[in-house]
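Down below is the structure, laid out as structure tokens.
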Amino acid sequence: MNLSNNNDSKIIQAIQLMRLIFAYPKYKFNPQAIIKAANYLHHLGYEKSIQALQSYCELIEEMEQEMEDYFALQMEMEKEMETNFPLQTEDEMPEEMEDEMEEEDDNLKMIWRLQNEQNNAMMTARLLFIRQDGQAVLPDLRIGKPMMMEIPENPEIFPLFPLHIHRGIPLFLVMGYIVLGEPQPPSNYIEWCARECQLRAKPLIPDSHPLAAVEEFLKSAPCQGLYPDYGFNESLQSQVLCAVSNIYPVSKEYRDELLASNPGEDIWSLHQKAFAQLNAVWNPITNEYEINS
């Protein structure tokens with residue numbers, strides 16, 4: 001499904017908004033982007049939202065097929081290269097083979113970008129729909145085992161896992177996945193939503209103090225022990241900085257430093273104080289933060 005072949009401008013707009021949620025590199029999540037996408041779909045209504053998500057899944061399936069075709073062709077070329085250029089020593093390695101590591105990096109980027117697209121669709125649906133039977137806990141997503149994470153045994157603690165909403169701010173709790181076997185396709189989850197769910201009662205309106213809100217969540221009981229030896233705090237801090245980047249831009253170097261789990265705690269405190277002075281508010285029309293002058 002090529003977007004240019006779709007004559008429904010609202011569905012095209014919905015897909016374009018969803019594609020901004022997870023940016024490369026892998027699992028770089030933007031809470032503001034998913035709020036904007038989910039609220040736009042909420043405005044379209046249930047039927048149109050399902051259509052948009054199904055259309056996005058069709059696009060993702062096309063991407064999957066293109067990637068499979070690309071990898072199949074690449075394997076054929078590698079076999080031909082090995083036949084035509086049998087290696088004796090490293091000194092005899094042809095220039096074409098010296099680019100192998102760079103090609104592997106490109107392959108990983110393709111895989112990560114596809115996983116981002118899959119996450120975009122499923123996480124939007126997870127935020128947008130609630131169960132018709134009134135239960136809060138959504139079914140597990142079969143997309144892999146979260147890395148280095150101690151998941152609470154009680155699913156009611158994080159009913160939208162791997163998402164969690166704190167003070168109206170969606171947070172992505174997973175730092176990465178170990179994928180074993182074939183992951184659940186997004187279309188499978190969207191089909192379940194179409195059968196079993198309805199739209200959430202109201203659009204999302206996040207707290208006007210997102211940096212303080214995420215700090216509050218990080219100190220809450222449910223967070224304790226989720227990631228005993230990894231930079232979970234820094235990941236969520238980076239997420240809220242993405243959410244407010246239109247009014248409080250932070251250097252890429254600082255966000256990278258956060259994700260590398262080596263930030264200065266005093267620097268983060270200064271960011272909280274500086275952002276609080278902006279007197280920011282959420283604009284439900286633009287679905288963005290703005291400075292309340």
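Overview of values
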{"read-out": "Of residues in segment 203-219 being assigned to a helix (DSSP H, G or I) and of a type outside the set (Gly, Ala, Ser), the one surrounded by the most Cβ atoms within 10 Å (Cβ to Cβ)", "value": "210"}
{"read-out": "Of residues in segment 34-56 being under 16 Å from the mean Cα position of the chain (by Cα) and surrounded by 23 or more Cβ atoms within 10 Å (Cβ to Cβ), the one farthest from residue 130 (Cα to Cα)", "value": "56"}
{"read-out": "Residues that are under 19 Å from residue 267 (Cβ atoms) and among the aromatic types (Phe, Trp, Tyr), drawn from segment 209-241", "value": "232"}
{"read-out": "Evaluation of residue 70 against (1) at pLDDT below 95; (2) among the hydroxyl-bearing types (Ser, Thr, Tyr); (3) over 27 Å from residue 106 (Cα atoms) (one fails), failing number", "value": "(3)"}
{"read-out": "Members of segment 127-163 found to be free of Cβ contacts under 8 Å to residues at least 40 places away in the same chain and of a type outside the set (A, V, I, L, M, F, W, C), listed by number", "value": "134, 135, 140, 144, 145, 146, 153, 154, 155, 156, 159, 162"}
{"read-out": "Checking residue 116 against (1) of a type outside the set (A, V, I, L, M); (2) out of contact with any strand residue (DSSP E or B) (no Cβ under 8 Å at 6 or more places or on another chain); (3) modelled with pLDDT under 95; (4) closer than 30 Å to residue 68 by Cβ, the condition it does not meet", "value": "(2)"}
{"read-out": "Residues located in segment 78-113, provided they are of a type in the set (A, V, I, L, M, F, W, C), surrounded by 10 or more Cβ atoms within 10 Å (Cβ to Cβ) and modelled with pLDDT under 75", "value": "81, 85, 87, 93, 97"}
{"read-out": "Subset tally (residues that are surrounded by fewer than 16 Cβ atoms within 10 Å (Cβ to Cβ) and touching a Gly at 6+ places or on another chain (Cβ under 7 Å)) for segment 136-179", "value": "4"}
{"read-out": "Hey, residue 65 of a type outside the set (Phe, Trp, Tyr) and at pLDDT below 95 or not", "value": "yes"}
{"read-out": "Residue in segment 220-249 that is farthest from the chain's Cα centre (by Cα), counting only those that are part of a helix (DSSP H, G or I) and aliphatic (A, V, I, L, M)", "value": "221"}
{"read-out": "Set 267, 190: member being modelled with pLDDT under 90 and of a type in the set (A, V, I, L, M)", "value": "267"}
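Results for (1) among the charged types (D, E, K, R); (2) in contact with a Pro (Cβ under 8 Å, 6 or more places away or on another chain), shown as yes or no for each residue.
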| position | (1), (2) |
| --- | --- |
| 134 | no, no |
| 156 | yes, no |
| 165 | no, no |
| 171 | no, yes |
| 175 | no, yes |
| 180 | no, no |
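The values are calculated or read from the model by the stated rules, or taken from the named source; none is laboratory data. Small disclaimer: the values here were computed from a predicted structure and weren't measured. Note that each Cβ is placed from the backbone with ideal geometry, even for glycine, and that neighbours are counted across all protein chains shown.
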